[in-house]
1. Being outside any helix (DSSP H, G or I), surrounded by 15 or more Cβ atoms within 10 Å (Cβ to Cβ) and in contact (Cβ under 8 Å) with a residue 60 or more places away in the chain is the filter here, so list the residues in segment 165-180 that pass it.
2. Can you tell me which of (1) farther than 24 Å from residue 262 by Cα; (2) at pLDDT 95 or above; (3) surrounded by fewer than 19 Cβ atoms within 10 Å (Cβ to Cβ) is the one residue 38 doesn't meet?
3. Would you mention how many residues in segment 239-253 are without any contact (Cβ under 8 Å) to a residue 40 or more places away in the chain and either closer than 19 Å to residue 357 by Cα or touching a Phe, Trp or Tyr at 6+ places or on another chain (Cβ under 9 Å) (or both)?
4. Restricting the search to segment 309-328, which residues are open to solvent by 20 Å² or more (accessible area, probe 1.4 Å), in a loop (DSSP other than H, G, I, E, B) and under 17 Å from residue 249 (Cβ atoms)?
5. Could you tell me whether any residue of segment 314-334 is within 30 Å of residue 272 (Cα to Cα) and either in contact with a Pro (Cβ under 8 Å, 6 or more places away or on another chain) or at pLDDT 95 or above (or both)?
6. Which of (1) among the β-branched types (Val, Ile, Thr); (2) under 24 Å from residue 113 (Cβ atoms); (3) open to solvent by 20 Å² or more (accessible area, probe 1.4 Å); (4) not in a loop (DSSP other than H, G, I, E, B) does residue 253 not meet, given it meets every other one?
7. Only one of (1) over 22 Å from the mean Cα position of the chain (by Cα); (2) surrounded by 15 or more Cβ atoms within 10 Å (Cβ to Cβ); (3) not hydroxyl-bearing (Ser, Thr, Tyr) fails for residue 188. Which number is that?
Amino acid sequence: IRYKNEWSWMSIFETRPGFEKYGVDVFFDKNANLVKMYWADKGVNVSKGDKDWDHVKWAYKCSVLAGVTVKDHLVGIHFMASNFLTTSSIENLNTHHPIRRLLRPHTFGAIEINLGAVKTLSVENGVAHRASSLSWNGLVHALTASYKLSRYTSMSQTFDLQGMTSTIQADLQQEDELYPYGHDAQDFFEVVAKHVGDYVDLYYSDDDAVTSDKELTLFWDGLHVDEPLSQFPVLSGKLVLVDTLASFIMMVTGIHNQVGNVADYLVHPTRTSAKIRPGATSSDVQGAFQGLNIGLMTSQLTPRLLNDFKHLLLRDDKLEATSKVFDTFQADLRNLSAVIDARNERRRFPCNAFNPKCMVAAVSI
């Protein structure tokens, strides 16, 4: 067994009568072939050839859709990363602050969409409640647990702490690239971090300039709340500023594209659903339509990441330099997109999660 994907943690959440509990752990060999599964609802391991094999594969897909949607998408990105970034930039940085201008493409429309999510997705008998198997107590429990499990870690740390860097390097030595998500994610973060670093260098000459910026300090405090196990860094200078801003931008662009873009999985009832009925291997009519409705609710037009945002820049003595930084960012994004397109032509598992041409600039969908 080489790879493991765990979702049995979801089995603690209460479901409504007529539905199974979420939660399946899956195990793959070195060639990414499914070897076995742990079915939390029954507390048993299931292997190929067992009578429940196809149903448990379905239960796994449903668990991933529901778990990613609640924990990573709704709570982690919308209610936390995007919400903190947008709110703090508006409340603590004046309209002419250079960092507010840098972040504006990535906060556009966030307030409206996040408030909409509160009103429709996290209320009793709301869209998410009805589209899932969860009881109201189960959804409240899932939302609370998702908040407790979501703690800030910079993207540069994430690559090492989660073993992503070593997995990527090992993967690139194989004939088939089995972890394209990690490979592209690293490259995308490098482009974003370079963009943020080049811009920050224009307005902050050294670490003292960062730490003495009172508005920036207030903005920093607004990016997080004091919670147990919080790992949010101290604003000590330029390096941590660049790393953190780049991480937030990546969360509301690339990571959001990965965890929030579920339309492809909902176009056919055999692909996945947010509900698990006993013995089922596809969605029922109601579940399929509910999933499609959620997808259609988030299909509004919004600015793409590949775009010209120079109209947001300050009209100051650095305009020529900042314009060059923004133009370079767009060129780097387009170059990366071409690289990922070429990779996908030879990949067993094509991946566009971090392909800039597939991204919007903020969470405003």
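1. Of the residues in segment 165-180, the ones outside any helix (DSSP H, G or I) are 172-179.
Narrowing further to those that are surrounded by 15 or more Cβ atoms within 10 Å (Cβ to Cβ): 177-179.
Hits for segment 165-180 are 177, 178.
2. Failed condition: (3).
3. Here is the first cut: in segment 239-253, the ones without any contact (Cβ under 8 Å) to a residue 40 or more places away in the chain are 239-240.
Of the ones still in play, those that are also either closer than 19 Å to residue 357 by Cα or touching a Phe, Trp or Tyr at 6+ places or on another chain (Cβ under 9 Å) (or both) are none.
Qualifying residue count for the region: 0.
4. Once the filter is applied, which keeps residues that are open to solvent by 20 Å² or more (accessible area, probe 1.4 Å), in a loop (DSSP other than H, G, I, E, B) and under 17 Å from residue 249 (Cβ atoms), segment 309-328 yields only 309.
5. Restricting attention to segment 314-334, the residues satisfying the condition of being within 30 Å of residue 272 (Cα to Cα) are none.
Within segment 314-334 (the criterion being within 30 Å of residue 272 (Cα to Cα) and either in contact with a Pro (Cβ under 8 Å, 6 or more places away or on another chain) or at pLDDT 95 or above (or both)), the answer is no, since none of the residues qualifies.
6. Result: residue 253 passes all but (3).
7. (1)
Condition check ((1) charged (D, E, K, R); (2) farther than 19 Å from residue 318 by Cβ; (3) open to solvent by 50 Å² or more (accessible area, probe 1.4 Å)) across all residues:
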| position | (1), (2), (3) |
| --- | --- |
| 184 | yes, yes, no |
| 195 | no, no, no |
| 218 | no, yes, yes |
| 228 | no, yes, yes |
| 237 | no, yes, no |
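The values are calculated or read from the model by the stated rules, or taken from the named source; none is laboratory data. Treat the numbers as computed from the prediction; the structure is a model and nothing was measured. As a convention, Cβ positions derive from the backbone with ideal geometry for all residues, glycine included, and neighbour counts pool all protein chains shown. These area figures cover heavy atoms from the full protein model, side chains too; ligands, DNA and RNA do not enter into them. Shrake-Rupley method; radii C 1.70, N 1.55, O 1.52, S 1.80 Å.
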